[in-house]
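Let me begin by presenting the structure, written as structure tokens, before commenting on it.
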Amino acid sequence: MLVSTLDFDSYKGTYAIGKISEGTGKTWASNRSTVGKRKNRKCKVEKVFTSVGLKRVGVVQGATGDIVALTGISDITIGQTLAIRL
């Protein structure tokens, strides 16, 4: 998933929002983030959300093509790529 925008909530923290291009995005999945010189940094996703109208709804996982918001990644930036650890 390529992070295309960020959102912030004082309760859950930073949301990394983007479209899943391949595979799934699961809650508590181990991921690797890549940007610039910080390659293969480990991170875990706490929650996965999708939008229904203007509301953000929690889901167990997002599928290919879904636009999702992920929480639990503290220092995420726009342009980072998240990939499931193999």
Applied in sequence order to segment 17-22, the curve 6.51 cos²θ - 1.76 cosθ + 1.60 (Karplus, θ = phi - 60°) yields integer Hz couplings, x standing for Gly and Pro, of 10, x, 9, 6, 8, 7
Counting only backbone N atoms under 18 Å from a point 7 Å out along Cα-to-Cβ of Ser4, the residues of segment 48-66 in range are 49-57, 62-66
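If you stretched the chain out fully between Val57 and Lys12, how much longer would it get, using 0.36 nm times the residue separation minus the C-alpha to C-alpha distance?
Numbers: separation 45, 0.36 × 45 = 16.20 nm, distance 1.34 nm.
Gain in length upon complete extension: 14.9 nm.
When Leu6, Leu54, Leu82, Leu70 are ordered from fewest to most other Cβ atoms inside 10 Å of their Cβ, what list results? Mind showing how you got there, number by number?
Details: Leu6 14, Leu54 5, Leu82 21, Leu70 27.
The most exposed by this proxy come first: Leu54, Leu6, Leu82, Leu70.
Computed from the coordinates by the stated procedures, all read-outs in this text should not be read as laboratory data. On a predicted model such as this, the values are computed, not experimentally measured, just so you know. Reconstructed Cβ throughout: ideal geometry from the backbone, glycine too, with neighbour counts over all protein chains shown.
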